[in-house]
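Colleague: Submitted below is the structure of interest, expressed as structure tokens.
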Amino acid sequence: MRDERRENILHHALRLFSTKGLYATKVSDIAAEVQMSQGLLYHYFRSKEEIYTELIRNAFEKMNTAARGLEESPMAPREKIRMALTQLLHDIEENEDFAATVLLNAQAGISDVTPAEAQEILSRESGVPYGVIERIIKAGQVDGTIKQADAKALSLVFWTTIKGLALHKAVYGAAYKSPDVNIITSMFFTDE
């Protein structure tokens, strides 16, 4: 029950933080969204900053675990890239929290009010997915299935495309439709 309530708080806080920002979101807003008293909310989190930091931590734990799992997969590099893009496009389209999380992380990266602990997590963890995709791209360049270009730049294109689409979803909501994965893979694969 406690874990369920924490997840409910985090879910609703994500919506508020991603649309209003940390500064404008009050603990009372979060409590109202989850339909509990502020006092009860404080049994789960000490402050809105702690909730915010937990959202950042959870986002990078999930993303980096998935990225490392992809890298360790026995699939060929080309299939890893296609699978990652297909899954990420699906998540953008079907998982409302995905776009909100991307928006939250983008705001946290540029905000002056981001808590120090959240800034440290961003600094330490945000490069992990970029590094994983860069290494997969390099492996695909060796086997000739991925275009010869700077692998770090291609990784940047990969992630900024995904983040841009997620931000587009955050703005347009249900009207958003993911592009065909082949449009994106054509930026990477040698024969598309």
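Colleague: Go through the residues of the stretch 22-40 one by one and say whether even a single one is part of a helix (DSSP H, G or I) and under 22 Å from Ala166 (Cα atoms).
Modeller: Checked against the condition, which is being part of a helix (DSSP H, G or I) and under 22 Å from Ala166 (Cα atoms), the stretch 22-40 yields at least one hit.
Colleague: In addition: Report yes if some residue within the stretch 174-185 is within 28 Å of Thr25 (Cα to Cα) and either at pLDDT 95 or above or not in a helix (DSSP H, G or I) (or both); otherwise report no.
Modeller: yes
Colleague: Please identify the pairs in which a residue from the stretch 165-189 that is over 30 Å from Gly144 (Cβ atoms) has its Cβ atom under 9 Å from the Cβ atom of a residue that is of a type in the set (Phe, Trp, Tyr) and surrounded by 15 or more Cβ atoms within 10 Å (Cβ to Cβ), counting only partners at least 6 apart or on another chain.
Modeller: Ala166/Phe98; His168/Tyr176; Lys169/Phe98; Lys169/Tyr176; Ala170/Tyr176
Colleague: Pick from the stretch 1-25 the residues that are of a type in the set (D, E, K, R) and within 17 Å of Gln107 (Cα to Cα): which of them is surrounded by the fewest Cβ atoms within 10 Å (Cβ to Cβ)?
Modeller: In this case the residue turns out to be Lys20.
Colleague: Related question: Cβ-Cβ below 8 Å, separation at least six or inter-chain, first residue in the stretch 80-92 and more than 12 Å from Leu70 (Cα to Cα), second among the basic types (Lys, Arg) and surrounded by 21 or more Cβ atoms within 10 Å (Cβ to Cβ): which pairs?
Modeller: Cβ pairs passing all conditions: Ile92/Lys169.
Colleague: Being under 12 Å from Leu85 (Cα atoms), crowded, with 17+ Cβ neighbours inside 10 Å and of a type outside the set (A, V, I, L, M, F, W, C) is the filter; apply it to the stretch 162-184 and report the residue that is farthest from the chain's Cα centre (by Cα).
Modeller: Ser178
Colleague: Among the numbered criteria (1) within 11 Å of Ile81 (Cβ to Cβ); (2) in contact with a Lys or Arg (Cβ under 7 Å, 6 or more places away or on another chain), which single criterion is violated by Ile133?
Modeller: (2)
Colleague: Of the residues that make up the stretch 83-95, is at least one surrounded by fewer than 18 Cβ atoms within 10 Å (Cβ to Cβ) and farther than 24 Å from Glu7 by Cα?
Modeller: Yes - at least one qualifying residue is present in the stretch 83-95.
The values are calculated or read from the model by the stated rules, or taken from the named source; none is laboratory data. Nothing here was measured: the structure is a model prediction, and the numbers come from that model. All Cβ positions, even for glycine, are placed from backbone atoms using ideal geometry, and neighbour counts span all protein chains on display.
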